[in-house]
Amino acid sequence: MTQSTNAAQIIEALKLEAHVEGGYFRRTYQSDQRPTVDTDHGERFLLTSIFYMMTDDSPIGHFHKNRSDILHFYHSGDPIRYVLLWPDGRREQFILGHDVVAGQQMQLTVPAGVWKSSELLTAEHGYGLISEAVSPGFDFDDMTLAETTSLVAQYPEYAEEIDRLSYRSLEGASDSN
C-alpha cells in the first residue's frame, strides 16, 4: 500500500464490512476442506482467518472475549494498542506495529477466555490493518461483548479504561449484548 492509500480505498479493495466489536473485517479463510472440530458449543472449522481494520471513524475494538485462541498479525498503517484482562486479574498491554525496535510487536496471541480490546493509535495513516487466525474457527456464538458494569465489577481498578473501551461508550449503544 502506498502512502496515499486511504482507509476507504482499503475497505473497498478488501471488501471489508463493519464488525460488531468495532472496525471492519472480512473472512478470508475457513478450513472447509478439513474435518470440523467438535466443541462444547457445536462443530467449528479447524481454523478461520480474517482481515481486520481499525480506522479513524471506528478506532476501538470493544472489550470482548472468545472461546478460541486468536493470533493477530500486523500488516500496515498505524499501530494498534491491545489491552488484555486475564481471568486472574492481570492487565497487559501490547502495541502491534512495525517499530519492533521500539517494542512494538508484529504478532500477538490472545488465548481463549481473555478479555481484549484494541485501539487505533492514530498517526499519519488513519487506519491499522491486521489479520487474525482463530482456532477452533471463529463463530459469532463464541464471542461475548463485555457488559460494562460486570466487567468493571470484575476489574474495578481498570474501570475508567473499561468504560472508555467498551461498547456502551458509543453514543446510542446499550449496555446489553
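The values are calculated or read from the model by the stated rules, or taken from the named source; none is laboratory data. Just so you know, these numbers come straight off a predicted model, no measurement behind them. Neighbour counts are summed over all protein chains in view; Cβ atoms, including those assigned to glycine, are modelled from backbone coordinates with ideal geometry. Heads up: the accessible areas ignore ligands, DNA and RNA and are worked out on the full protein's heavy atoms, side chains in. Shrake-Rupley method; radii C 1.70, N 1.55, O 1.52, S 1.80 Å.
Values computed for the structure shown
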{"quantity": "Selected residue (criterion: modelled with the lowest pLDDT) from residues of region 146-177 that are under 27 Å from Arg27 (Cα atoms) and open to solvent by 50 Å² or more (accessible area, probe 1.4 Å)", "calculated": "Asn177"}
{"quantity": "Test result for Ile80, more than 18 Å from Gln104 (Cβ to Cβ) and open to solvent by less than 10 Å² (accessible area, probe 1.4 Å)", "calculated": "no"}
{"quantity": "Subset of region 20-29 (residues that are open to solvent by less than 60 Å² (accessible area, probe 1.4 Å) and touching a residue at least 40 places away in the same chain (Cβ under 8 Å))", "calculated": "Glu21, Gly22, Gly23"}
{"quantity": "Count of region 81-109 residues which are among the charged types (D, E, K, R) and not in a loop (DSSP other than H, G, I, E, B)", "calculated": "3"}
{"quantity": "Residue that is surrounded by the most Cβ atoms within 10 Å (Cβ to Cβ) [pool: residues in region 35-72 that are among the β-branched types (Val, Ile, Thr) and within 12 Å of Tyr24 (Cα to Cα)]", "calculated": "Thr55"}
{"quantity": "Members of region 83-93 found to be under 11 Å from Lys116 (Cα atoms) and open to solvent by 30 Å² or more (accessible area, probe 1.4 Å), listed by number", "calculated": "Trp86, Arg91, Glu92, Gln93"}
{"quantity": "Any pair with Cβ under 8 angstrom, 6 or more apart, that starts in region 117-140 at a residue that is over 13 Å from Arg81 (Cα atoms) and ends at one that is in a helix (DSSP H, G or I)", "calculated": "His125/Ala7; Gly126/Ala7"}
{"quantity": "Any chance Ala123 is more than 18 Å from Glu21 (Cα to Cα), over 13 Å from the mean Cα position of the chain (by Cα), at pLDDT below 95 and small (Gly, Ala, Ser)", "calculated": "yes"}
{"quantity": "Selected residue [open to solvent by less than 80 Å² (accessible area, probe 1.4 Å) and touching a Leu at 6+ places or on another chain (Cβ under 8 Å)] from Met143, Met106", "calculated": "Met106"}
{"quantity": "Which numbered condition Val134 misses (of (1) open to solvent by 30 Å² or more (accessible area, probe 1.4 Å); (2) closer than 30 Å to Gln30 by Cβ; (3) not in a helix (DSSP H, G or I); (4) not small (Gly, Ala, Ser))", "calculated": "(1)"}
{"quantity": "Residue selected from region 10-19 under the condition closer than 25 Å to His62 by Cβ and open to solvent by 60 Å² or more (accessible area, probe 1.4 Å), by the criterion nearest to the chain's Cα centre (by Cα)", "calculated": "Ala18"}
{"quantity": "Criterion: at positive phi and either at pLDDT 95 or above or within 19 Å of the chain's Cα centre (by Cα) (or both) - qualifying residue of Gly89, Gly42", "calculated": "Gly89"}
{"quantity": "Qualifying position, being polar (S, T, N, Q) and within 26 Å of Ala159 (Cβ to Cβ), among Gln93, Gln33, Gln105", "calculated": "Gln93"}
{"quantity": "Among the candidates His19, His62, residue that is modelled with pLDDT under 95 and touching a Ser or Thr at 6+ places or on another chain (Cβ under 9 Å)", "calculated": "His19"}
